[in-house]
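Shown next, in structure tokens, is the structure this report addresses.
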Amino acid sequence: MTADLVFGSIPSFYREVYDIVCPNQEQVDRDLFVQMLVKSSLPKHVIMQIWDLIDTQQGFMTRNGLYKALALTALAQQGKTVSDKLLETFSGQELPKPSLGDLSDLKAASLKIRRERMPNVLCFDFKDLCDIDSIKLELVPEKKGIILKHVEYEVTSKRHKATVLRRYNDFVALHELLTARFAYRIIPRLPPKKLGASREFIEQRRKCLRRYLNIVARHPQMHDDKLVKFFLTFAGNDVQYKIKEQFRGIPDEFMTSDMASKAKDLVPMDTQQQLAVSKEHIKLIHSNVAKFKEIAEGLVCRSTNYATDMLQLGRQFSIMSNDTTPITAWATGTSKTWERLQRGFRILSVDFASIADKSSQAAIDEEEGVVEKLAFFEDLILAYKDLCERHEKGVLHDHQRAIQKMGQYKKKKMSATVQNSDTVAVDQLEQKILEQEGEIANMENRNFYSLHCLQMETQLIYTYLDIFYEIVTCLARVEKETGSELSRIWSAMEPAVITLSPNKEMINSKYTGLNL
């Protein structure tokens, strides 16, 4: 086994690889290590030589071991024979960078292995979720339809590098299929449909549909499903009919998941208690998110109103500066005030327009970076609430009802046996009992699978809490930049304001302390 890595400095590429294979600071798994080095195109016996030099005889390696392996891999790619002494030549130098190709495949393999080893851990952080996909949704300017006009949306998926057109009814078709396919997962709510909708309603619905698609397209289980991919990439006509035609009757997640058969073993004994505590805590978080959102909307409204007020002030100054009413000495005597004010107002009108622009941009930035992110998280929590209700009123209720039905069959059979009823009737009841036992077993497995999914979706909510960092960062940046820009503009207005003064000596003096 090689000694500790004391030779050479660590390149950033090494840390990038470590963050991929060990995002939670775990040890490096042997299988993942082999998959990583296969990307180096080295012969298998060389890969195993590197492992033998690094292996701690525990089936995994540490961060230090991984760095040694990467250095040895780079040297082996240069045609050098792998040995401990190779690294001694790099004293005071940066260690060589191996060629491992595209690291995205390595990241996918890392997630898969960790998911298999830790099925009760989500294995995604906030950045991982955001990196899965980013959906843009813009309104197509021209309404379509000869008699009944309808709105179309341009949907762009970064992951699939595709842009398609979608109608609201296409989203309805997708939602119905998603709810059937992923009944045990978070499915966001669709915004309502409205005939003769106003421009404001259409814009709010656009934002809601964008949030809807981003939640779905970034979901650890749904993002890679053929149904979601079809919606984001199919460029033909009649999408709502085509998607139903292709995916009608598709098995739900329980029927296709490798986890379904072992769901019972995946559910911890205290799941119900843990779920109850988590639901209450998430409810508390939701209450605060709703208040944050209300406050943020108020900030946007104030920025918008401030921009409107400043623009109107600027317009009034402009109107006064451009006034051409003939004024004679009869009215003014020796006063030159009106001429002086008109010159100053002309300058001020431009400055107030600049203030309005900055405030208007601040409102836009606060809307997108604060309000929309809070709305995104709120949509996610509401979808989680709906999921919990589906579990309680759906899977759990069906399971309990099936058990009650089994009890009824058994009572009828017992009664028929005691009364020496027709043997055929008894046999039929026996057959129904056997069928019901199979149904109960299936429902029991579904119940456990639903509980397992609830644990994963609960972890998804907590993973998304990192969105608050983006929200507060955006708010602080917007307020800082806007405040700085407004302060600069107000300060730059001082000379124009001074020109309004009736004191000519003040105009020519170095006036620095204007009290507005």
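The values are calculated or read from the model by the stated rules, or taken from the named source; none is laboratory data. Quantities reported herein were computed from a predicted structural model and do not represent experimental measurements. For neighbour counting, all protein chains shown are included, and Cβ atoms are generated from backbone atoms with ideal geometry for every residue, glycine included. Just the protein is used for accessible areas: all its heavy atoms, side chains included, with ligands, DNA and RNA removed. Shrake-Rupley method; radii C 1.70, N 1.55, O 1.52, S 1.80 Å.
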**Report entry** Gain in span if fully extended, Glu494 to Thr179, counting 0.36 nm per residue against the direct Cα distance
**Finding:** 107.2 nm
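Return the FRET efficiency for the residue pair Met320, Ser484: r is the Cβ-Cβ distance, R0 is 41 Å, and the value is rounded to the nearest 0.05. Show your work: numbers first, answer last.
Working: r = 30 Å, r/R0 = 0.72.
The formula returns an efficiency of 0.90 here.
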Report task. Work out, in µm²/s and without decimals, the Stokes-Einstein translational diffusion coefficient of the range 181-340 at 25 °C, 0.890 mPa s, Rh from Kirkwood over C-alpha pairs. Result -> 107 µm²/s
Query raised in the report: Rounded to the nearest 10 Å², what accessible area does Ile282 show when all protein chains are kept and the probe is 1.4 Å?
Result: 10 Å²
**Report entry** Accessible area, probe 1.4 Å, largest first, for residues Glu457, Glu339, Glu94
**Finding:** Glu94, Glu339, Glu457
Query raised in the report: How far is it, in nm, from the label point at Ala476 to the one at Ser134 when both lie 7 Å from their Cα along the line to the Cβ?
Result: 2.2 nm
Query raised in the report: How big is the accessible area of Val172 in square angstrom, nearest 10, if you roll a 1.4 angstrom probe over the protein chains?
Result: 40 Å²
Query raised in the report: Taking a probe of 1.4 angstrom, what is the accessible area of Lys336 in Å², to the nearest 10?
Result: 130 Å²
Query raised in the report: Given R₀ = 51 Å, FRET efficiency for Gln272-Lys44 by Cβ-Cβ distance, to 0.05?
Result: 0.55
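Find how much the distance from Asn169 to Ala197 grows on full extension, using 0.36 nm per residue of separation minus their present alpha carbon separation; answer in nm with one decimal. Mind dumping the intermediate values first?
Numbers: separation 28, 0.36 × 28 = 10.08 nm, distance 1.51 nm.
So the extension gain works out to 8.6 nm.
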Query - Radius ratio Rg over Rh of the range 264-331, counting only Cα atoms, Kirkwood formula for Rh - result: 1.65
Requested in this report: Once you have the Cα-Cα distance between Asn305 and Ile113, take 0.36 nm times their residue separation minus that, and quote the gain in nm to one decimal.
Outcome: 63.8 nm
Report task. Please work out the C-alpha center-to-center distance from the range 297-318 to the range 359-375 and express it in whole Å. Result -> 16 Å
Requested in this report: Net charge near Ser321: determine it from the other residues with C-beta under 10 Å of the C-beta of Ser321, scoring Lys and Arg +1 and Asp and Glu -1.
Outcome: +1
Report summary line: Surrounding charge for Asp466, neighbours by C-beta under 14 angstrom, Lys/Arg +1, Asp/Glu -1, total -1
Query raised in the report: Residues with beta-carbon under 13 Å from that of Phe448, excluding Phe448: net charge, scoring Lys, Arg +1 and Asp, Glu -1?
Result: +1
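Using a 1.4 angstrom probe on the protein heavy atoms only, could you order Leu460, Leu53 from most to least accessible area? Don't skip to the answer; put the middle values down first.
Details: Leu460 5, Leu53 35 Å².
Largest accessible area first, the list is Leu53, Leu460.
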